[in-house]
Amino acid sequence: MGEETLRTKVFVPFHCSYMGAIGIAEITREYMKSEDSSTKFRGGAILSSDYSTRITQCQGCENNCELLSLYADGKLLACPAWSGCNTGGQ
């Protein structure tokens, strides 16, 4: 249907589910090269630290969402509840 509407061949890459991540990585790389910018990205440091994940359930509403939190050297680095859950997450 798309090819008929666009009147051109549509190519779907084998790893199409990663295209958003690859695209934003490319945009970020270009931005970081063109700007006098610094980053707070700690990916490399996390991999060389003692990191772990912990799964808990939010008790903020009846959905009981599963939360996967990231810890490095015992310090909480990322938690889905920080992303603005309507109930605030717990």
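Where a number appears in this text, it was derived from the coordinates with a stated rule and is not lab data. None of the values given here were measured: they were computed from a predicted structure. Every residue, glycine among them, receives a Cβ derived from its backbone with ideal geometry; neighbour counts consider all protein chains shown.
At an R0 of 22 angstrom, the distance between the Cβ atoms of Ser48 and Ala21 translates into a FRET efficiency of 0.50. Remark: spin-label model distance Phe14-Glu62 equals 4.7 nm, labels positioned 7 Å along the Cα→Cβ axis.
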